[in-house]
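Let me begin by presenting the structure, written as structure tokens, before commenting on it.
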């Protein structure tokens, strides 16, 4: 199982990534050992995730989400929380 996730950083920016272990990856980000982008924007908060069956589909979805505007990403996050 693979996961796509969006983190909300302390400066209110959004970071999108993928992983096979979402709990471990979030912990890595939280201690400043994750992506260079998030290291100086701690703390981070998991605000969205999706499950995918394989790495290829996860990476394709990550790319698609990264192409979205901030407003579109916020709408995606909002749609999850309203379910």
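The values are calculated or read from the model by the stated rules, or taken from the named source; none is laboratory data. On a predicted model such as this, the values are computed, not experimentally measured, just so you know. Every residue, glycine as well, gets a Cβ built from its backbone with ideal geometry; the counts of neighbours run over all protein chains shown.
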TODO: Report, by residue number, each residue of region 4-19 that is free of Cβ contacts under 8 Å to residues at least 24 places away in the same chain and either touching a helix residue (DSSP H, G or I) at 6+ places or on another chain (Cβ under 7 Å) or farther than 18 Å from residue 66 by Cβ (or both).
DONE: 19
Task: Test result for residue 80, touching a strand residue (DSSP E or B) at 6+ places or on another chain (Cβ under 8 Å) and at pLDDT 95 or above - done: no
